[in-house]
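Notes to accompany the following structure.
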Amino acid sequence: MLSVPLYEDDVMHAVAMRGSVSVRELAMLLHVSEQTVRRIVKPLVERGEVEKVHGAVVGRTRRGEAPFLARMAVNQRAKVAIAGRVAGLVRDGDVIALDTGSTTGFVAQGLRQHRGLTVVTNSTFIATSLATIPGNKVLMAGVELRNHDGASFDAQAFAVVRSMRVRLAILSASAVEDHRGLMVQEHGEAQMSAAMGEVAESRVFAVDSSKFGRGALIALAPLTDGDTLVTDVHPTAAQRRALGTGTVVVV
């Protein structure tokens, strides 16, 4: 007999990671008919958890954050260029930290050519991208995963990060506001960014132009000497002041 609640979890996971999934793709993923998928999706739509648009199931996002893989598709060319420059700052054998973010996800892909890395991350996407590379050691920080991007912000995640000492913390931001600089959407994200920065010799922020001129909820600590922001756009004068004294590299 069909267990609708079980299948609902599978649908929500697929939508959270991809943003939009066709009914046909869900049928293949769940090994059921398209008619069955429509039965599964109907109560989710009625509860307002997803939307059904032109034969696809679309996630209803929260507080301005799109699902992870959907965010990776935004301004993708710029993110790849930024990721390539950031990856060039990492040496074989380095010890690094990466937080969860669409651009840091591309950085992880750029690091797949490196060898002998020790990586601590709270992102399952980044962990799985780098764990299978011969010679790498990857520490996944945390056990409880956020449902829209597979990231962890539980107590164990912070304990693992704070036990480390890394050369670079490669970090993300949700926005670059004209007067407050780098910002993120949630307290947990700000706390994780701070925790990784505290155990690093220096911080590198990978932030594409789609984040500039936007606001978010929580400001991050400004760049200090030794920190770097890699982006694809020149900040305005106000943004540059708000960003702090670190280096800004435009690709």
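Observations
- Cβ-based net charge around residue 35, under 12 Å, with every Lys or Arg adding one and every Asp or Glu removing one: +3
- For q = 0.14, 0.20, 0.23 Å⁻¹, Debye-computed log10 I/I(0) when each Cα of segment 122-185 counts as one equal scatterer: -0.52, -0.95, -1.11
- Stretched out straight at 0.36 nm per residue, the stretch from residue 251 to residue 54 would grow longer than its current Cα-Cα span by 67.1 nm.
- Considering helices alone, the calculated mean residue ellipticity of the chain at 222 nm is -11000 deg cm²/dmol, with DSSP H runs of length four and up weighted by -39500 (n - 2.57) and normalised per residue.
- Set of lysines near residue 137 by C-alpha distance (under 29 Å), chain-local residues within fewer than 8 positions excluded: 79
- For segment 68-153, a Kirkwood radius taken over Cα pairs fed into Stokes-Einstein (10 °C, viscosity 1.306 mPa s) yields D = 124 µm²/s.
- Three principal axis extents describe the C-alpha atoms of segment 70-116; from largest down they are 31, 18, 13 Å.
- Taking each residue as 0.36 nm, the span from residue 144 to residue 76 lengthens on full extension beyond its C-alpha to C-alpha distance by 21.6 nm.
- Inter-label distance, nm, simple model (7 Å from Cα along the C-beta direction), residue 165/residue 38: 6.3 nm
- Extent along principal axes [Cα atoms of the chain; Å; largest to smallest]: 61, 42, 32
- Sites residue 9 and residue 214 - FRET efficiency at Förster radius 35 Å, r taken between beta-carbons, to 0.05: 0.65
- Ratio of Rg to Rh for segment 107-251: 0.96 [Cα atoms; Kirkwood radius as inverse mean 1/r over pairs].
- Taking amide H positions as modeled 1.01 Å from N, with prolines and chain starts lacking one, the residues under 5 Å from residue 223 and 5 or more places away or on another chain are 244, 245, 246.
- Once backbone amide H atoms are built at 1.01 Å from N, residue 205 has 171, 228, 229, 230 as its partners under 5 Å, excluding neighbours fewer than 5 places away on the same chain.
Throughout, read-outs are computed from the coordinates displayed, never taken from laboratory work. Here the structure is a predicted model, which means the values were calculated and not measured. Using ideal geometry, Cβ is built from the backbone for each residue, glycine included, and neighbour counts are taken over all protein chains shown.
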